[in-house]
Amino acid sequence: MSQGVGVVGLYVRDQDEALAFYVGKLGFRVHTDVRNGDHRWLTVQHPEQPSFQLGLFTPGPPVLDAATAQALRAMVAKGAMPPLVLDVDDCRGTYERLRAIGVEFTQEPTDRYGNVDAGFRDPSGNGWKMIQAQKRSH
Amino acid sequence: MTDPQLLRRLLRAQDRIDAASHEDWPVRRLAQVSAVSEAHFARSFRRAFGIPPHRYLLTRRIERATALLRDTDLPITEIAFQTGWQSLGTFGRTFRDVTGESPGAVRMRARAAAHQLGRVPACIVSAAHRADLVTAVSEKRRRATSDTTNS
């Protein structure tokens, strides 16, 4: 596939902390980690999704002024950023594994409409739903 | 108040309410979750999220009760008990104050409307249906009383 969404970025409060979380705990891989002065372009990938990169960016100069950056950091910390969804094959198993290594879960695995979903946050406050979709019978 | 570290800890208190809104959440318990002094917690929470913690708790309970009314056949008494109320009377009164309808009316209306919500993650559905509790319940009650008195 050569067309489509390539990168979607999250704002995080600290890129080293975010890297430790997404790579060290969730099992993502680093795709790009390039510094240019104070700016650091950092993207990670889900190991089973090579065509998509998740950007882990800090709001700040040179892209944003200090007041805007501060407002965005507050929004992230308040959990006000849009919902994120991680698809998994085994919600309960993944929940147990991630919880054991210190991932902050906000909701235990719950059955809903045949799906199983759980909720967790990254250290910055971004909220994820982890969803195991109902297996479709063919 | 824009210290992101503090906001992140206040979010943790909000998350804990979300995860167990049927439980009791005295300020002391919430303040502990957020590692904030009891004296500062309620004000900090209100500044961060625009609503005092107790009122936030009420909106979440009403939201859960509405979902149970819509999605289950549980008796209303059981729903009141499961969502954290000590008495059916308090539940019914608060529910009407917040939503403007009785639990029974909400159940009938929800069933009449054929929802196609299965394609949207349920967490998002419930957030979209969150009771918009911008005025205090007691204030709503006063207004309703004065409306009745004036008419």
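The values are calculated or read from the model by the stated rules, or taken from the named source; none is laboratory data. The shown structure was predicted, so the numbers you read here are calculated from the model rather than taken from an experiment. Here the Cβ positions follow ideal geometry from the backbone for every residue, glycine too, while neighbour counts run over all protein chains shown. What goes into the accessible areas is simple: the full protein's heavy atoms, side chains included, and nothing from ligands, DNA or RNA. Shrake-Rupley method; radii C 1.70, N 1.55, O 1.52, S 1.80 Å.
Of note, B:ALA42 does not satisfy the criterion of being within 22 Å of A:ALA118 (Cβ to Cβ) and either under 17 Å from the mean Cα position of the chain (by Cα) or open to solvent by 60 Å² or more (accessible area, probe 1.4 Å) (or both).
Please find, among B:THR72, B:THR90, B:THR99, B:THR77, the residue that is within 22 Å of B:VAL27 (Cβ to Cβ) and β-branched (Val, Ile, Thr).
Answer to the check: B:THR90.
Across the stretch A:124-138, what is the number of residues that are more than 7 Å from every other protein chain (Cβ to nearest Cβ), in a strand (DSSP E or B) and farther than 25 Å from A:PRO59 by Cα? So that I can check it myself, show each step before the final result.
Within the stretch A:124-138, the first condition is being more than 7 Å from every other protein chain (Cβ to nearest Cβ), and the residues that meet it are A:124, A:126-128, A:130, A:132-138.
Remaining after also requiring in a strand (DSSP E or B): A:127-128, A:130, A:132.
After this cut, where a residue has to be farther than 25 Å from A:PRO59 by Cα as well, the list is A:130, A:132.
Counting residues in the stretch A:124-138 that are more than 7 Å from every other protein chain (Cβ to nearest Cβ), in a strand (DSSP E or B) and farther than 25 Å from A:PRO59 by Cα gives 2.
Among the residues that make up the stretch B:44-63, is at least one of them in a helix (DSSP H, G or I), among the aromatic types (Phe, Trp, Tyr), touching a Leu at 6+ places or on another chain (Cβ under 6 Å) and modelled with pLDDT of 90 or more? For the stretch B:44-63, residues in a helix (DSSP H, G or I), among the aromatic types (Phe, Trp, Tyr), touching a Leu at 6+ places or on another chain (Cβ under 6 Å) and modelled with pLDDT of 90 or more: present.
With the structure loaded, tell me whether A:THR43 is closer than 22 Å to B:LEU10 by Cβ and in a strand (DSSP E or B) or whether it fails that test. Steps first, answer last, please.
Numbers: closer than 22 Å to B:LEU10 by Cβ: no; in a strand (DSSP E or B): yes.
When the stated conditions are applied, A:THR43 does not pass them.
Among the residues of the stretch A:4-61, those identified as modelled with pLDDT of 95 or more, within 23 Å of B:THR2 (Cβ to Cβ) and of a type in the set (Gly, Ala, Ser) are A:GLY9, A:ALA18. The numbered conditions (1) in contact (Cβ under 8 Å) with a residue 12 or more places away in the chain; (2) more than 27 Å from B:ARG12 (Cα to Cα); (3) outside any loop (DSSP other than H, G, I, E, B); (4) not β-branched (Val, Ile, Thr) are all true for A:ARG35 except (1).
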